[in-house]
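What follows is a short report on a single structure.
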Amino acid sequence: MAIDRVKKLYALAPVAQTERLLARLHELRMVHLSDSASELGEEGATLRRIHRSAAGFEADAKKLDYILTHFERFAPRPRSLAENFVSVPLLVSRQQVQELLDSFRFQEMYSQVHKLSEQYLLREKKEADLRAELALLQPMADAEFKPGDLSNLKYTTIHVGIAPLEQWKRLETDPRTREVMAWEATPVSSGRVRLIVAHLHARSEDALELLKSADFAGIALPALDKTPGERIAEIGEAMEGIHREKENISHAIASLAQNREKVQIIYAHYLSETQKAEASGRLLGSPRIAVMSGYVRAKDAEGLSAAVTKEFPSVSLILEDPTPTDNVPVSISLNRFLKPVQLLVNMFGLPNYFGFDPTPYIAITFLVFFGICFGDVLYGLLLLAISAFLMHKAGRHAGLKNFCALFVYAGISTMIFGALTGSWASDLADPKYLGEGNFLLKLRNIFYVFDPLANTIYALLIALGIGICNQFYGIILLMYRCIRQGRIADAIFDGGSWLILLPGFIITAARLFVAVPNGLATMGVVLFAVGAIMLIVTQGRNEQTFAAKAITGLVSLYGILGSYGCTSFLGDVLSYSRLLALGLTTSIVGMAFNIIAGLLGDISCVGGVLFVLMVIFGHTFNFAMSILGAFVHPARLIFLEFFSRFYEGGAISFKPFGFGTTEVSLMDS
């Protein structure tokens, strides 16, 4: 129940056998291949890269990707909420893959999709050209002349365009205007006027200068043998026809998209073949010997050695423990009860190989936070039922099943905290809604302990108390990480010092708000002083000069430098007030819908029906709106206020060299 131990792997093989060896390793799916040049460093400087062309596989993979891209454009597959958090790949067997390779002719489908796509693009281009022409003609829609008649006049030049109305009025009163040109002005919109201006060729320079002074914007009309209005009508009919043709093409591609899963499977195969070919580029070698490097899980090392030795007697495998300087890929094994919670860690980033997996340490914390934020018995029961149903439907999709299982746990937590705070669809159990002695009221009274709405200050203090405890918990985990890594001094100085100072800081700060017994107050001052001295002396221990050590130690108390800080502690603890805020919001919104339902219930004849409908609608709405916040904000408290205390993430995932993508996976993987 931790980060899987891995072994660093080196394989020495005859160059002639590398292709077969890679194919076998691809089939075994036990090895995470790494770049041999990076792993060997200077030792591999004299070796050359071995490379096998993947061009043929890449070309076919690109064609399949082209098909899938167009399927997604013209017939997008709806994604479930779960798919935004976890991968839900197609599960296939090797036999299914081979059968599709033998029977499905994707090259023909590529030709069809490519042809249809080209037709669609041509129509889009034509449509864009017509839209541009329409925009040009629109201001002249009611003009009764044919633009073609205005060109090539013997003595006269005609200009058509738009000008600001105020500018034109000013120009119209200029004596030079009537001397130089004739015009027809028609208002076309607020503040604009359409102009048709005529002048002799000889006065072109004067006319253009006058028009420029009025901010005249000319319209380059096409030489039409019909009026703009007639052409606009033609364009409208043409665009309707193009729209119908585009719809027909879209439907044709959408009908081909019924083969989406087959294409995805074959695409995964060709990506896999490309991966095998490209893997040779990670190898180094001489003319006769190739060197391959990677990582294998310790539990698979014996099986890998046996399989390779049996089939490739001339291949030598070297296994050794990784060092802290290695970029070790991380694989995590958890029992089935904790596996769903790993989703949270995956969202943030995998832990460093030489650290530890935080999943067991955040499981209860996250579920408690979720339960407080969403706490309602009926909401929890609904969440539990929906999640259990989807979990059953998930079948062999491990990622989706674990996602649903996380919300099964969350539903149970929600029911527990809802029962403790007396929330059953908010205050629906109140006698004013369901009468005295109703069933919900009896259940509420059995489990009820504390009402946050009636005791908001105490509820806030509880939320802040949870924050304080969780911060101390994070510091303890920091110490645990340091001890695991053999850094005992860091555990004491960067963790233990704060566990001494912060309780003293809390007691001392509490004296500003409440009366504190003298003995406890004295203890607080002592703890704060001892912790402060330890931090001032130790937080600058890596600095070179005495002054730097002293300054670093001193400012570490505030939080500018060092492992933590009093201001960081205060800010992080205050963030836990969001637990109360979200819990109250869920209850208050539910209460508001209950009030509305109660008012509707007083209507004669149909009141009962309206009451039930409003309760169902209101609480369904509140459920959908509140559950997102109940997930996001506890996750934020974990990721920012908790993980920042101790967590080292950023590791790469252990990805076995073998068949599989995010869209397709083998059943026997």
Filter the stretch 349-362 down to residues that are in a helix (DSSP H, G or I) and open to solvent by less than 10 Å² (accessible area, probe 1.4 Å) and give me whichever is nearest to residue 462 (Cα to Cα).
362
Looking at the stretch 227-251, which of the residues that are among the small types (Gly, Ala, Ser) and over 39 Å from the mean Cα position of the chain (by Cα) is most open to solvent (accessible area, probe 1.4 Å)?
233
It is to be established whether one or more residues within the stretch 264-279 are touching a residue at least 60 places away in the same chain (Cβ under 8 Å) and touching a Pro at 6+ places or on another chain (Cβ under 6 Å).
no
In the stretch 481-498, which residue that is part of a helix (DSSP H, G or I) and surrounded by fewer than 16 Cβ atoms within 10 Å (Cβ to Cβ) is nearest to the chain's Cα centre (by Cα)?
484
Among (1) surrounded by fewer than 16 Cβ atoms within 10 Å (Cβ to Cβ); (2) part of a helix (DSSP H, G or I); (3) under 39 Å from the mean Cα position of the chain (by Cα), there is one condition residue 395 misses while meeting the rest; what is its number?
(2)
Name the residue, out of 438, 445, that is without any contact (Cβ under 8 Å) to a residue 12 or more places away in the chain and open to solvent by less than 30 Å² (accessible area, probe 1.4 Å).
438
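Residue-wise test of (1) on the phi < 0 side of the Ramachandran plot; (2) more than 37 Å from the chain's Cα centre (by Cα); (3) at pLDDT below 90; (4) not β-branched (Val, Ile, Thr).
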| residue | (1), (2), (3), (4) |
| --- | --- |
| 262 | yes, no, no, yes |
| 277 | yes, no, yes, yes |
| 283 | yes, no, yes, yes |
| 296 | yes, no, no, no |
Yes or no: residue 264 part of a helix (DSSP H, G or I), under 28 Å from residue 667 (Cα atoms) and open to solvent by 60 Å² or more (accessible area, probe 1.4 Å)?
no
Out of (1) in contact with a strand residue (DSSP E or B) (Cβ under 9 Å, 6 or more places away or on another chain); (2) on the phi > 0 side of the Ramachandran plot; (3) not charged (D, E, K, R), the one residue 605 does not meet is (1)
Hey, among 623, 631, 642, which residue is crowded, with 17+ Cβ neighbours inside 10 Å and in contact with a Pro (Cβ under 9 Å, 6 or more places away or on another chain)?
642
Output for Cβ contacts, cut-off 7 Å, separation at least six or different chains, first residue surrounded by 13 or more Cβ atoms within 10 Å (Cβ to Cβ) in the stretch 164-184, second of a type in the set (Gly, Ala, Ser) and in a helix (DSSP H, G or I), reads 171/213; 180/207; 181/207
For the stretch 124-162, enumerate the residues that are open to solvent by 90 Å² or more (accessible area, probe 1.4 Å) and over 18 Å from residue 184 (Cα atoms).
125, 126, 131, 152, 154, 155
Out of all the residues in the stretch 499-520, which are outside any helix (DSSP H, G or I) and not β-branched (Val, Ile, Thr)?
511, 512, 513, 515, 517
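Residue by residue, here is whether (1) assigned to a loop (DSSP other than H, G, I, E, B); (2) open to solvent by 20 Å² or more (accessible area, probe 1.4 Å); (3) free of Cβ contacts under 8 Å to residues at least 40 places away in the same chain holds:
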| residue | (1), (2), (3) |
| --- | --- |
| 293 | no, no, no |
| 296 | no, no, no |
| 300 | no, yes, no |
| 317 | no, yes, no |
| 326 | yes, yes, no |
| 335 | yes, yes, no |
| 340 | no, no, no |
Considering 454, 425, 459, which residue is closer than 17 Å to residue 584 by Cβ and without any contact (Cβ under 8 Å) to a residue 12 or more places away in the chain?
454
Within the stretch 302-315, how many residues turn out to be within 16 Å of residue 15 (Cβ to Cβ) and either open to solvent by less than 20 Å² (accessible area, probe 1.4 Å) or under 38 Å from the mean Cα position of the chain (by Cα) (or both)?
2
Please count how many residues of the stretch 532-560 are surrounded by 14 or more Cβ atoms within 10 Å (Cβ to Cβ) and either of a type in the set (A, V, I, L, M) or over 41 Å from the mean Cα position of the chain (by Cα) (or both).
12
In this structure, is residue 10 within 30 Å of residue 250 (Cα to Cα) and either surrounded by 16 or more Cβ atoms within 10 Å (Cβ to Cβ) or at pLDDT 90 or above (or both)?
no
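The values are calculated or read from the model by the stated rules, or taken from the named source; none is laboratory data. Given the structure is predicted, the values throughout are model-derived calculations rather than measurements. Using ideal geometry, Cβ is built from the backbone for each residue, glycine included, and neighbour counts are taken over all protein chains shown. Surface areas here come from the heavy atoms of the whole protein model, side chains and all, with no ligands, DNA or RNA. Shrake-Rupley method; radii C 1.70, N 1.55, O 1.52, S 1.80 Å.
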